[in-house]
Amino acid sequence: MNNKDKSGGMHKPWSGRFNEPVTDLVKQFTASVAFDQRLAEFDIEGSTAHARMLHAVGILSRTDLDAIEKGLAQILEEIRSGSFPWSLDLEDVHFNVERRLTDLVGDAGKRLHTARSRNDQVATDVRLYLRASIDHVLTLIKSLQRALLDLAEKHTETVMPGFTHLQVAQPVSFAHHLLAYFEMLTRDAQRFAECRRRVNKLPLGAAALAGTSFPIDRLMVAKELGFDGVCENSLDAVSDRDFAIEFCAHAALLMTHLSRFCEELILWMSPRFGFIDIADRFCTGSSIMPQKKNPDVAELIRGKTGRVNGHLVALLTLMKAQPLAYNKDNQEDKEPLFDTVDTLMMSLAVFTDMLGGIKVNRDAMRAAALQGYATATDLADYLVKKGVPFREAHEAVAQAVRFAETRGCDLSDLKLSDLRQFSPLIDKDVFEALTLEGSLASRSHTGGTAPARVKAAIAKARKGL
Ligand code: ARG
């Protein structure tokens, strides 16, 4: 068969049924090769497994299998070295690889597509791609978690104000604050690992939608490709992309966690806070204001979170009105998915590096914790421990805070006689409760901010990694 059509373009493998070639605009509009090239290595992996199975069940001769394996190996080389002749005329990665195979090995190449469709082929490629991506993401999350623990280890006694409503609430250690993100990331990793289990099922064998009349061995292909099992329904196998949507949802959540953290870093680096400095190599300057040093990396991660959230919505919308089974709409799953993977990986990597370049200003954190009556709750708790009902203690301390405000000082700066106006039960041991260190140390239950607790939490977290 001649591979060229009348207009000089490349014959599509399906063009036999048609009287005229597609217009140039339609060709460009329907082609995915510009972006699905990225699946090439997985496409070849899947084709190799498929061919081996076809041979094992007696559909493909040994000679044909050898030719196909040799041809696909060469194509892999060409793709890696950049010499592969990608062609827009051939629509997508699948046709490009198949046509090249036929050019290289002749008829054996034309037999490869037996008992297969591009529908189960592309679903397989995307799953292989996503599985590898998840594994990479999981490693990146671990590295970030390690960086968090490294930083936390140095700051179990570094006191900062904990905030609610962005108002000073109660003192916490900087390490405790960091460990909050460690926990979020642990759940993120669990979600991706869960998702991987559902991704790791083989669609091949579903063919176009209804399965195939050939005596295929799907379990053999699944084993060959490292899948945990096969998709149980052929219509579902080729049509749903819930696994990709799920991945994007987890990615959006992880980006949201990073974004919150970035927001804090940005605030903390502002001179109004001055809690931290981010190393120059993660900041940029202004073209007009010579004094500026901007936390661009953190801002960009915060910004890119919007883009990842958008991809999730794009995929949900793509799916919502599709009847069974495969529709070309699904070709649109790739760019959002690929960009989600890229953005997530880049953000994780650069964020991890940036954490290593953070300088903590302990004094500024401490000074901020001393403003805003962060130990007021400790005074109330102190009174409760002496028998005062909590609501009454709350009221007494509120009065004490008002008094301290008129004096322009902290509760711990008040004289014992001043404090006793608010409750005669207050004694000189109160000052221990009113210090930042006393406040921290008193929260020594599981999940609390006491230095000893946080050290134990870090040790446990390290073991869990
Ligand atoms: N490029 C297509 C995609 O990404 C491959 C499957 C096309 N199948 C079809 N029958 N048109 O979804």
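The values are calculated or read from the model by the stated rules, or taken from the named source; none is laboratory data. In this text the structure is predicted, and so the values were computed from the model without any measurement. When we count neighbours, we look across all protein chains shown, and the Cβ atoms used for this are built from the backbone with ideal geometry, even at glycine. Note: accessible area is taken over every heavy atom of the protein model, side chains too, but ligands, DNA and RNA are not part of it. Shrake-Rupley method; radii C 1.70, N 1.55, O 1.52, S 1.80 Å.
Return yes or no: is Gly82 surrounded by fewer than 21 Cβ atoms within 10 Å (Cβ to Cβ) and touching a residue at least 24 places away in the same chain (Cβ under 8 Å)? In short, no. Ala314 meets all of the listed conditions (1) of a type in the set (Gly, Ala, Ser); (2) within 16 Å of the ligand (Cβ to nearest atom); (3) modelled with pLDDT under 95 but one, namely (3).
If you check Thr124 against the conditions, is it touching a residue at least 60 places away in the same chain (Cβ under 8 Å) and touching a Pro at 6+ places or on another chain (Cβ under 7 Å)? Yes.
Name the residues in segment 68-106 that are away from the ligand (no atom under 16 Å from the Cβ) and hydrophobic (A, V, I, L, M, F, W, C), would you?
Correct list: Ile68, Leu72, Ala73, Ile75, Leu76, Ile79, Phe84, Leu101, Leu104, Val105.
None of Arg462, Arg453 is open to solvent by 50 Å² or more (accessible area, probe 1.4 Å), assigned to a helix (DSSP H, G or I) and under 21 Å from Thr164 (Cβ atoms) except Arg453. Between Gln421, Gln371, Gln399, the distinction of being under 30 Å from Val297 (Cβ atoms) and among the polar types (S, T, N, Q) belongs to Gln371 only.
Answer with yes or no whether Thr124 is buried (at least 21 other Cβ atoms within 10 Å of the Cβ), at pLDDT 95 or above and among the hydroxyl-bearing types (Ser, Thr, Tyr). Here the answer is yes, as Thr124 does meet what is asked. When you check Ala433 against the structure, is it of a type outside the set (Val, Ile, Thr), modelled with pLDDT under 95 and either open to solvent by 70 Å² or more (accessible area, probe 1.4 Å) or in a helix (DSSP H, G or I) (or both), yes or no? Spelling it out, Ala433 is indeed of a type outside the set (Val, Ile, Thr), modelled with pLDDT under 95 and either open to solvent by 70 Å² or more (accessible area, probe 1.4 Å) or in a helix (DSSP H, G or I) (or both). In segment 156-182, the residues that are free of Cβ contacts under 8 Å to residues at least 12 places away in the same chain and at positive phi reach residues that are part of a helix (DSSP H, G or I) and open to solvent by 40 Å² or more (accessible area, probe 1.4 Å) with C-beta atoms within less than 9 angstrom, at least six apart or across chains, in these pairs: Leu166/Leu267.
Residues in segment 184-224 that are in a helix (DSSP H, G or I) and either within 16 Å of the ligand (Cβ to nearest atom) or open to solvent by less than 50 Å² (accessible area, probe 1.4 Å) (or both): 11 in all.
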